[in-house]
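FYI, it's all coordinate maths here, none of it is from the lab. Small disclaimer: the values here were computed from a predicted structure and weren't measured. Methodologically, a virtual Cβ is constructed for each residue, glycine included, from the backbone with ideal geometry; neighbour enumeration extends over all protein chains shown.
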Amino acid sequence: METPHPGGRLVVVDDEPVILTVLQSVLDGEPWDIVYAQDGASAVAAMAEGVDVLLTDKNLPDINGLDLVRHAREKTPDAEAILLTGYASLETAIEAVKLDLFDYIVKPPRDIFEVAKKVRAAFERQRMRRENRRLLADLSEKNAELTTALDEVRRAQGELVQSEKLAGIGTLAAGVAHEISSPLFGVMGLAEAIVDESDLDEIHEHAREIVSYSRSIREIVVGLTGYARDAQTVHDVACDMAAAARDACRLVAHSAAARESQLEVRAEGSFWVLARAPELQQVFVNLVRNAAEASGAEGQVLVTLSRLGESVVASVEDTGPGLPAGAEHQVFDPFFTTKAPGEGTGLGLNIVYRIVTRYQGTIVAENREDGGARFVLRLPATEAP
Ligand SMILES: Nc1ncnc2c1ncn2[C@@H]1O[C@H](COP(=O)(O)OP(=O)(O)OP(=O)(O)O)[C@@H](O)[C@H]1O
Ligand SMILES: [Mg+2]
């Protein structure tokens, strides 16, 4: 309990009136609420509302001064105490240490002003203790706040990781759906053609293509869902880029958007790169399909393959309106699309980019001088198998 007096409360106890009078003469005028008591009982009463510093005689008629100190501490746990004692025995010294007394003064005091000084120092120590305790309380409050904040951050982080994972799964699912739509469209077109076809050779040819597209679908699914798990299990072989480009054009030609367009592949011989064939086909399907979609009916799409040093260079150009202004880099971002909602996912070029860079290749998008877009990709060349 803290005393109401702003300067604090001092209780002075001595059964000898002379000593009390002397003490009073030096202590009066100090900025404390001072109570003088001649016996233990009145001291206890004075301390009912707490005490900051207790200056007490050791030998009182009704109570031991040390017990009075204990009593003061019950009221005010950080109360300071100074003991006045007739003689300084070893026992008194030991008791003083045990009770953590501020000091003790041998009676009669040689220098009475020394007493006032000690009382002042006792108040000062108590003030500092209180200040420390307040700071400590502040600190632990701040600490608790920080711990709460940290918990909150951890929880939010956990949620973020979870939602990123979900977003990753969403992108993957959308990617798979995007990539299998072309070969699936091919399969459906060929299957419908078989229904109306009577020529057995044609039917066989369509069936073979259906098998091949179905394999692509399986490879695409394995490829897209398998990377994340273990890139090492993917086995690269020498593949011909020219063949991949031609397969892709054949596949795109089935789609509605490209039915009217002219798709052409210019390649002399084979252009070998280390990769997986279905992925190379995916790259060209996306580039050629975009080009066909951009150039529209009667548009032209030209795929050119060439060898430049240690690289195979493929360019896909069209006669469309060209890339959206300033979006040469953005077009590779996942979900970037200028198509109407429901028409494009914006995943095609991102899948292309991921495949090309995984094979240590590069791809750039640019506009041709005479209009239309051009995508140029390079992949490290390899020996013919
Ligand atoms: N040949 C091109 N000519 C002009 N703009 C293009 C061309 N190819 C791509 N783009 C631009 O890049 C954007 C992203 O292409 P991307 O293939 O990633 O997605 P998308 O074609 O919009 O959607 P999806 O592939 O799902 O059909 C396109 O919306 C378009 O703005
Ligand atoms: Mg696309």
Worksheet entry | Reciprocal mean inverse distance between Cα atoms of the stretch 312-385 - Kirkwood radius, Å | 13.4 Å
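Would you kindly state the longest site-free stretch of the chain, with sites defined as chymotrypsin sites (Phe, Trp or Tyr not before Pro) in a DSSP loop (not H, G, I, E, B) surrounded by at most 12 other Cβ atoms within 10 Å? Mind dumping the intermediate values first?
On the way: sites that count: 87, 335.
In short, 88-334.
What full-extension length gain, to one decimal in nm, is calculated for residue 174 and residue 266 as 0.36 nm per residue of separation minus the Cα-Cα distance?
Numbers: separation 92, 0.36 × 92 = 33.12 nm, distance 3.21 nm.
Between residue 174 and residue 266, full extension yields an extra 29.9 nm.
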Worksheet entry | Ranked list, fewest to most other Cβ atoms within 10 Å of each Cβ, for 128, 241 | 128, 241
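Using the structure shown, list the pairs from 58/117; 58/118; 75/107 with a Cα-Cα distance above 24 Å, or answer none.
Numbers: 58/117 20 Å; 58/118 17 Å; 75/107 27 Å.
Violating the 24 Å Cα-Cα cut-off are 75/107.
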Practice prompt. Using only alpha carbon pairs under 8 Å that are at least six residues apart, calculate the relative contact order of the chain and give it in whole percent.
Written response: 10 percent
Worksheet item: In vacuo Debye scattering of the stretch 9-110, one point per C-alpha: log10 I(q)/I(0) at q = 0.11, 0.16, 0.17, 0.22 Å⁻¹?
Response: -0.28, -0.61, -0.69, -1.20
Worksheet item: Share of antiparallel DSSP beta bridges in the chain, in percent to the nearest 5?
Response: 55 percent
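In debye to the nearest 20, how big a dipole does the stretch 235-380 give about its Cα centre with +1 on each Lys and Arg Cβ and -1 on each Asp and Glu Cβ? It would help to have the intermediate numbers written out before the result.
Values: 13 positive and 18 negative charges, 71 e Å.
For this selection, approximately 340 debye.
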Discussion item. If each DSSP helix of 4+ residues adds -39,500 (n - 2.57) and the sum is divided by the residues in the chain, what number results at 222 nm, nearest 500 deg cm²/dmol?
Written reply: -17500 deg cm²/dmol
Practice prompt. Report the relative contact order of the stretch 9-110, percent, no decimals, based on alpha-carbon pairs under 8 angstrom and at least 6 residues apart.
Written response: 25 percent
Practice prompt. Please list, in chain and number order, the residues 5+ apart from residue 381 or on another chain whose amide H is under 5 Å from its amide H, with Hs placed from the backbone.
Written response: 311, 312
Item to complete: Return the tail of the calculated pair distribution for the stretch 235-380, meaning the percent of Cα-Cα pairs more than 18 Å apart.
Response: 52 percent
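Kindly give Rg over Rh for the stretch 105-172, based on alpha-carbon atoms, with the Kirkwood expression for the hydrodynamic radius.
Numbers: Rg = 28.5 Å, Rh = 17.2 Å.
Across the stretch 105-172, the Cα-based Rg/Rh ratio is 1.66.
If you place +1 on the Cβ of every Lys and Arg, -1 on the Cβ of every Asp and Glu, and leave all else neutral, what size is the dipole of the stretch 1-127 about its Cα centre, to the nearest 20 Debye? Can you show the working numbers first?
Details: 13 positive and 23 negative charges, 58 e Å.
The calculation lands at about 280 debye.
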Worksheet item: For the stretch 240-246, what does the Karplus curve 6.51 cos²θ - 1.76 cosθ + 1.60, with θ = phi - 60°, yield as ³J(HN,Hα) per residue in whole Hz, taken in order and with x for Gly and Pro?
Response: 8, 5, 5, 5, 4, 5, 5
Worksheet entry | Charged-residue dipole, Cβ positions (Lys, Arg, Asp, Glu), the chain about Cα centre, Debye nearest 20 | 640 debye
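Based on alpha-carbon atoms only, what is the radius of gyration of the chain relative to the globular estimate 2.2 N^0.38 Å?
That works out to 2.20 for the chain.
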